[in-house]
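Written below as structure tokens is the structure these notes are about.
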Amino acid sequence: MPRPALRPLLLALPVGLLLTACGSTAGDTPDKAPAQQGVPAGVVEQYSVLEKEIAERGGQTTVGDYRVGFIVEAAEPWFQGEHGAHGKLVNREPVKGETHHIEIIPMEAATGRIVPDVPIRLEVVDTSGKVIQAQDLNFYHATFFHYANNFSIPKAGTYTLRATLQPPTFLRHGSSDEKPPLSAPVTVTFPNVALKNEN
């Protein structure tokens, strides 16, 4: 008569495996809300470092569906393809004349999530309204995901940063009676940004 005893054991095994696969531990309780079960440390770090850097080295604004932050740092190195977009990744140091690394971080205003696949063009405008430099931004992997490029600012001073965000290139879930989210281009301006000699 070992069969009846074996059946409950076989039924319990998938449940035990399911709990293990979902990250349950002995200390977890079923009534814990998903947000209380823990957020990955990298996600927590990403958003806390981002908020700190925006507060210390940049600013933010909200336009349409976006909350957009900016950060200004000294020109930085990065890895890029040895032959354009392809091939072995090699380190690219800042080239002569590059003075600043300017970052734009588009976030969904409703959720706070950093938005991927956004084509962004950033213009640095002087006090007379002249565009000193304009560049398309690259998407970077770092402590927090962001869009940036190195800029060459000829002299320290106060400038306006003007970023134009095109609709993200990703597909969107939804029904025909809904407006697709993040589907309109937006332009954000950050006036009176002090760009000092960072190097």
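Taking 0.36 nm per residue of separation and subtracting the Cα-Cα distance, full extension of the segment from SER152 to GLU93 would add 19.8 nm. For segment 82-157, just say rounded, prolate or oblate: build the C-alpha gyration tensor, square-root its eigenvalues into a ≥ b ≥ c, call rounded for a/c under 1.5, and beyond that prolate if a/b exceeds b/c, oblate if not. Here segment 82-157 falls in the oblate category. So how far, in whole Å, is the C-alpha centre of segment 49-66 from the one of segment 146-199? Here the answer is 11 Å between Cα centres.
A straight Cα-to-Cα reach below 24 Å connects LYS52 with the lysines LYS196, residues fewer than 8 places away in its own chain not being considered.
Structural descriptor for segment 64-199: relative contact order 25 percent, calculated from alpha carbon pairs under 8 angstrom and at least 6 residues apart. Counting only heavy atoms of the protein chains and using a 1.4 Å probe, TYR147 has close to 10 Å² of accessible surface. Only aspartates and glutamates eight or more places from LYS88 in sequence, or on another chain, were considered; none has a Cα closer than 12 Å. Overall, the anisotropy analysis places segment 97-199 in the prolate class: the square-rooted eigenvalues a ≥ b ≥ c of its C-alpha gyration tensor yield a/c not less than 1.5, with a/b exceeding b/c. Note: relative contact order over segment 110-181, using C-alpha pairs below 8 Å and six or more positions apart, is 36 percent.
Rounded to the nearest percent, how much of the accessible area of segment 87-131 (1.4 Å probe, protein heavy atoms only) is carbon and sulfur? Looking at segment 87-131 in its full context, I get 54 percent from C and S. Ligands, DNA and RNA aside, PHE170 has an accessible area near 60 Å² when probed at 1.4 Å.
The values are calculated or read from the model by the stated rules, or taken from the named source; none is laboratory data. Here the structure is a predicted model, which is why all the values come from computation and not from measurement. The area values use the complete protein model at the heavy-atom level, side chains included, leaving out ligands, DNA and RNA. Shrake-Rupley method; radii C 1.70, N 1.55, O 1.52, S 1.80 Å.
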